[in-house]
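The structure appears right after this line, and notes come after that.
The values are calculated or read from the model by the stated rules, or taken from the named source; none is laboratory data. Treat the numbers as computed from the prediction; the structure is a model and nothing was measured. Neighbour counts are summed over all protein chains in view; Cβ atoms, including those assigned to glycine, are modelled from backbone coordinates with ideal geometry. Please note that ligands, DNA and RNA were not included when accessible areas were found on the heavy atoms of the full protein model with its side chains. Shrake-Rupley method; radii C 1.70, N 1.55, O 1.52, S 1.80 Å.
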Amino acid sequence: MSRHGYKYSAGRLLRHGLTRDAWPRMWRRPERRDSYDVVIIGGGLHGLATAYYLAQNHGITNVAVVDKGYIGGGGSGRNTAIVRSNYLTPEGVAFYDRSLHLYNTMATDLNLNVMLSRRGHLTLAHTDSALRTMNWRAEVNKLLDIDSAVIGPAEVKRLTPSLDVSPDTRYPILGALYHPPGGIVRHDAVVWGYARAADHLGVHLLQETEVFDIICDGGDGPDGKGSGGRVTGVRTSYGDIGSPVVVNCTAGWASLISNMAGVPLAITTHPLQAAVTEPCKVFLPTVVVSGSLHVYVSQTDRGELVFGASVDPVGSYRVNGTLEFTEELAGHVLELMPGISKMRLMRQWSGLCDMTPDYSPIMGYTSVEGYLVDVGWGTYGFKAGPVAGETMAETIATGRAADLIAPFTIDRFTAGDLVGEKGAAAVGH
Amino acid sequence: MIVVPCPNCGPRNSSDLRNAGEVVARPDPATTSLTEWRSYLYLRENPAGWVTETWYCRSGCRRYFTIERNTSTNEIRESESS
Ligand SMILES: Cc1cc2nc3c(=O)[nH]c(=O)nc-3n(C[C@H](O)[C@H](O)[C@H](O)COP(=O)(O)OP(=O)(O)OC[C@H]3O[C@@H](n4cnc5c(N)ncnc54)[C@H](O)[C@@H]3O)c2cc1C
Ligand SMILES: [Zn+2]
């Protein structure tokens, strides 16, 4: 038995391959307790990472992660798995860079291959103003020791030969922001790795348990909710669970949960769509993003091209694919890579994104004692999962917001102190 | 596709219009506090269900109007207040 239960290794793989013995389940189905020290709502990457670091770094193990569906059924199982730290604000860059460090050692830390591939990330500029924003980002990045630079069309072509960099296209490629450490990861493996490790440290993963209400006391709103009150537990589809600390990690559903505590959020929920092609020979060595064309693409280890875009313009909780998305996507991708016009799309899907006005998250304590938020992850929260978990756990354990998340406080909106990341996060990834 | 009934132009694809979000009561700028004003600017109920919202007929008559939409199904009905 290793730190995280049944140890995965090459030897085990060989033995299971030869004997055909079933692998043990990755986590238990625990007996529910009536109360916990911490209840985390949302079994996506953020909730699971928070639980893991509470147990691993702070020894707080009487913790439940509750999810109305299954582990990783939200955005954490639907994203396009791009990781990078070349953001625009110093606050954002420092935060996301810590996450990349955690991704670097994750496979060893969690004893699960998360297939991290730091293959390089290119954000194309098709206009002078885009190039200006790239230069701005590159300078902020360099100042904070992030590997990031603006390169010209020839260098873009050298790195990614399938791109059309000729000057006579409709949206000529004038240059790109090149971020060598950016890349992709296997998103399911990351989620399962944290779930398995948290479970092994004693955390209860309660799936198919929907939270209907947050039970509060002493607040200035109806039923003791709202400012000045405190949390005593949650009401779920399996009855009440007591807890002095309740953490909202529900991403696209964050407003619905927060309204249950009487804490309104600066969030609107938008669907974000993605699509994947049939597999083909590996030809795309980098992750390619185009802000002006609202599209990004990477190639998986299986050879499929994964495409993403910007959020649907109309806010909604409905996750269905639209023809508008596919049409626009195909048109824009072919502008960049005319050579793939014969490839077939295999699947298209959608997930919910919790968009904030400044494209930065909302993290930490709120006006209700014991109610914390880790929300506002929009289209960019997967890469942030590890650092969000680490800093939320520290915040809960020490009773004060971790330094890295202090700029992302919920009060920044009414204080007029926004952290504008739109220049680096408007295309969803 | 979401079909939005503009009171002037009739049913249009939502991509012809701009969704300006849920209707929020605007405080009087002359008497409001900064906190109240910023709450009006940023905080939203963001419900899953029926919501009264504003649309802008961007490539049609350029009128602003309100309708009710169910954000769980995208079903639309005329608003009492429009
Ligand atoms: C198509 C797409 C592409 C994306 N691409 C990228 C990318 O390339 N890089 C990147 O960094 N980010 C990306 N993102 C964003 C990223 O997926 C999310 O920000 C991230 O997964 C959020 O994780 P989470 O754990 O906070 O929430 P989620 O994984 O969404 O989990 C929230 C959980 O809360 C549960 N829940 C909701 N309501 C209740 C309730 N009442 N009771 C109990 N449980 C409840 C849900 O069932 C869900 O499992 C993308 C998102 C989408 C949709
Ligand atoms: Zn009109």
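Any lysines with Cα under 29 Å of the A:Lys281 Cα? List them, leaving off those in the same chain fewer than 8 positions away.
A:Lys157, A:Lys342, A:Lys383
Give me the percent of accessible area attributable to carbon and sulfur for chain A, probe 1.4 angstrom.
Heavy-atom surface of chain A belonging to carbon and sulfur, 1.4 Å probe: 53 percent.
With contacts defined as alpha carbon pairs under 8 Å and 6 or more residues apart, what's the relative contact order of the range A:179-242 in percent?
Averaging sequence separation for qualifying contacts and normalising by length gives 22 percent for the range A:179-242.
Report relative contact order for chain B in percent, whole number only (criteria: Cα-Cα under 8 Å, sequence separation at least 6).
27
After finding the eigenvalues of the alpha carbon gyration tensor for the range A:212-271, what semi-axes result from the square roots of 5 times each, listed largest first in whole Å?
That gives 19, 15, 9 Å for the three semi-axes.
Given Cβ point charges of +1 (Lys, Arg) and -1 (Asp, Glu) and nothing else, what value in debye, to the nearest 20, does the dipole of the range A:103-259 about its Cα centre take?
600
Name the residue, out of B:Thr52, B:Thr32, B:Thr71, whose mean-square fluctuation peaks in a Gaussian network model built on chain B with Cα pairs under 10 Å.
B:Thr32
Using a/c under 1.5 as the rounded threshold, could you call the range A:317-429 rounded, prolate or oblate? The axes a ≥ b ≥ c are square roots of the C-alpha gyration tensor eigenvalues, and prolate needs a/b larger than b/c, oblate otherwise.
prolate
In a shell of Cβ-Cβ distance under 9 Å around B:Ile76, excluding B:Ile76 itself, what net charge do Lys and Arg (+1) and Asp and Glu (-1) give?
Net local charge, B:Ile76 excluded: -1.
Given a 1.4 angstrom probe, what's the average accessible area per residue across chain A, in square angstrom?
Heavy-atom accessible area per residue stands at 40 Å².
Just check the range A:381-429 against the gyration tensor rule for me: Cα atoms, a ≥ b ≥ c as the square roots of the eigenvalues, rounded for a/c under 1.5, and otherwise prolate or oblate depending on whether a/b exceeds b/c.
Oblate is the answer for the range A:381-429, as a/c is 1.5 or above yet b/c matches or exceeds a/b.
What is the magnitude of the charge dipole of the range B:19-78 about its Cα centre, with +1 placed on the Cβ of each Lys and Arg, -1 on the Cβ of each Asp and Glu, and no other charges, expressed in debye to the nearest 20?
280
Once the mean 1/r over all distinct Cα pairs of the range A:17-144 is inverted, what Kirkwood radius in angstroms do you read off?
Its Kirkwood hydrodynamic radius stands at 18.2 Å.
I want the local charge near A:Ile241. Using Cβ-Cβ distances under 9 Å, sum +1 for each Lys or Arg and -1 for each Asp or Glu among the other residues.
Charge balance near A:Ile241 sits at +1.
Residue separation times 0.36 nm, minus the C-alpha to C-alpha distance between A:His101 and A:Ser367: what's the value?
Full-extension gain reported as 92.6 nm.
Per residue and in Å³, how big is the convex hull formed by the alpha-carbon atoms of the range A:1-90?
Output value, Cα hull per residue: 195 Å³.
Over all alpha-carbon pairs in the range B:19-78, figure out the percentage whose distance exceeds 13 Å.
Of all Cα-Cα distances in the range B:19-78, 66 percent exceed 13 Å.
Add +1 for every Lys or Arg and -1 for every Asp or Glu among the other residues with Cβ under 15 Å from the Cβ of A:Leu143, and state the total.
Spelling it out: positives minus negatives among the neighbours equals -3.
List the residues of the range A:401-429 for which accessible area in the full set of protein chains is at least 40 Å² lower than for the chain on its own; 1.4 Å probe, protein heavy atoms only.
When all protein chains are present, A:Phe413, A:Thr414 each give up 40 Å² or more of accessible surface.
What FRET efficiency, computed as 1/(1 + (r/R0)^6) with R0 = 41 Å and r the Cβ-Cβ distance, is obtained for A:Ile151 and B:Asn13, rounded to the nearest 0.05?
Approximately 0.55, to the nearest 0.05.
At a temperature of 25 °C and a viscosity of 0.890 mPa s, determine how fast the protein assembly as shown diffuses translationally according to Stokes-Einstein, using the Kirkwood radius over alpha-carbon pairs as Rh; express D in µm²/s, rounded to the nearest whole number.
The Stokes-Einstein estimate is 102 µm²/s.
Sort the range A:84-133 into rounded, prolate or oblate with this rule: let a ≥ b ≥ c be the square roots of the eigenvalues of the Cα gyration tensor; rounded if a/c is under 1.5, and if a/c is not under 1.5, prolate when a/b is larger than b/c, oblate otherwise.
Oblate, because a/c is 1.5 or more while a/b does not exceed b/c.
On a straight-distance basis, which lysines could pair with A:Lys225 in a cross-link, Cα separation under 24 angstrom, same-chain partners fewer than 8 positions away excluded?
A:Lys68
Please give the per residue volume of the convex hull enclosing the alpha carbon atoms of the range A:239-371, rounded to a whole number of Å³.
Dividing the Cα hull volume of the range A:239-371 by its residue count gives 160 Å³.
Counting only protein heavy atoms and rolling a 1.4 Å probe, how much accessible area do B and A lose on contact, total for both sides, in Å² to 100?
Result for this pair: about 1700 Å² buried.
Taking only Cα atoms and a 10 Å spring cutoff, compute GNM fluctuations for chain A and point out the largest among A:Pro285, A:Pro180, A:Pro313.
Its mean-square fluctuation being the largest, the pick is A:Pro313.
At 1.4 Å probe size, with the rest of the protein present, what percent of the exposed accessible area of the range B:19-78 is carbon and sulfur atoms?
47
Relative contact order for chain A: what percent, with Cα pairs under 8 Å and sequence separation of 6 or more?
Relative contact order of chain A: 22 percent.
Report, to two decimal places, the Cα Rg of the range A:122-256 normalised by 2.2 N^0.38 Å (N = number of residues).
Here the Cα radius of gyration is 1.73 times the empirical estimate.
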